[in-house]
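Asks: Take this structure, written in structure tokens, and hold onto it; I'll ask about it next.
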Amino acid sequence: MDEHKIISLIKASGHLPQIPKDFGEILKMLLEPVEYNIDQCVENFSRFPQLEVALIQVLNYNSKLNREIKTVKDAINYLGAKNAKIIAISYVTRLLLPDNKGRAKLFKNNQYWKHCIGTSLAAYMITDETKLCNKDKMFTYGLIHDIGITVLDICLPDYLDKIYELQLKGIHQIVAEKIVLNGLTHAEVGMWICKEWGLPDEIVEVVGFHHSPLLAAEKYVDEVKIMHLADSISTNYYEKLLGNDTTFIYADKIMEALNVDNVFIDNIIKKLPSEIGKLSRRIIL
Ligand SMILES: [Fe+2]
Ligand SMILES: [Fe+2]
């Protein structure tokens, strides 16, 4: 199959941020602890000096250890694979987050960033309630679930502005995207970039199917459903920021599958604005 025209344009823009291809290897190894080998993992971490520094700094800052963490091996041994994975993912998300590299003129980067934080918070709360997977992981995935939009903001800003204009007229985001991007959506752009960067399948699925959770692979279905619901809750908030007074109907099937009810969702909706306010001040891009 020929590559989609929009993907070719993204590649040709010359603005796409580069992530070393083998960075995904670290994440893959940490996501599959069965094949986890501490020495191989340390070696992989060492190939990314910034990640190594971040890992050691976080530990020395946050922990109440009476010994100082000096090496990556110390850090991973202390944290265990699970937490090292979360830090590695946090690091990679910082490279992918919406920031001042965005070039769109109309599209409001700061409001969109609030939507991402809102999605992270909602995903965290849903996971805390359902206990279906790791809530810190889901928080981090929330920050990058719309990475496809960031890619458009950086590489094809005029296209993103056109989509945004249509949204302001009340057209649904996905419909607006399909009109402007020749049938493509930000979820598909996001999925493409995650694969291009060699990120783990779990992240590829969450990013690629957060708007169509029924298409996700069985293995990642809980993560994708949680992200879908969290995104819907936070989109409701974002649409209000844009001035669109859409009444959102949450997918009953997804709520049923996750075993959460409207009272629980309403509670998240109530908490969201003040929690987003607190967090967006604390997270420095
Ligand atoms: Fe999305
Ligand atoms: Fe979203």
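Asks: Mind ordering 182-188, 199-205 by average Cβ neighbours within 10 Å, highest first?
Replies: Details: 182-188: 18.3, 199-205: 22.1.
The densest-packed peptide leads the list: 199-205, 182-188.
Asks: So, by mean Cβ neighbours within 10 angstrom, what's the order for 223-235, 207-219 with the highest one leading? Present the calculation step by step, with values, prior to reporting the outcome.
Replies: Details: 223-235: 25.2, 207-219: 18.2.
The packing order, highest mean first, is 223-235, 207-219.
Asks: Let me ask another. In debye, nearest 20, what is the charge dipole magnitude of region 98-285 about its Cα centre with +1 on Lys and Arg Cβ and -1 on Asp and Glu Cβ, if you could check? The partial results should precede the final answer.
Replies: Details: 21 positive and 26 negative charges, 136 e Å.
Roughly 660 debye, rounded to the nearest 20.
Asks: Check Ala104: other-chain or 5+ apart residues with amide H under 5 Å from its amide H, H built from backbone geometry?
Replies: Placed amide hydrogens put nothing under 5 Å from Ala104.
Asks: Let me ask something additional. Report the convex hull volume per residue for region 180-234, counting only C-alpha atoms, in Å³.
Replies: On the way: hull volume 4.6 nm³, N = 55.
Residue-normalised Cα hull volume stands at 83 Å³.
Asks: At 7 Å along the Cα-to-beta-carbon direction for both Val175 and Lys108, put a label point, then send me their distance in nm to one decimal.
Replies: About 2.2 nm, to one decimal.
Asks: Then there is this: For Arg47, Arg103, what's the fewest-to-most ordering of other Cβ within 10 Å of each Cβ?
Replies: Numbers: Arg47 13, Arg103 18.
Ranking Arg47, Arg103 by Cβ neighbours within 10 Å, fewest first, gives Arg47, Arg103.
Asks: Once you have the Cα-Cα distance between Glu129 and His4, take 0.36 nm times their residue separation minus that, and quote the gain in nm to one decimal.
Replies: 41.0 nm
Asks: On to the next question. For region 98-285, what is the largest minus smallest coordinate of the Cα atoms on each principal axis, given in angstrom and ordered from greatest to least?
Replies: 41, 35, 32
Asks: Longer than 19 Å from Cα to Cα, which of Lys178/Lys240; Lys225/Lys278; Lys114/Lys271; Lys108/Lys162; Lys114/Lys219; Lys101/Lys178 are they? Say none if no pair is. Let's see the in-between values first.
Replies: Numbers: Lys178/Lys240 22 Å; Lys225/Lys278 26 Å; Lys114/Lys271 14 Å; Lys108/Lys162 13 Å; Lys114/Lys219 29 Å; Lys101/Lys178 24 Å.
Flagged as over cut-off: Lys178/Lys240; Lys225/Lys278; Lys114/Lys219; Lys101/Lys178.
Bear in mind that the values in this text are calculations on the coordinates, not laboratory data. Just so we're clear, the structure is a prediction, and the values are computed from it rather than from any experiment. Don't worry about glycine lacking a Cβ; one is built from the backbone with ideal geometry, like all the others, and counts go over all protein chains shown.
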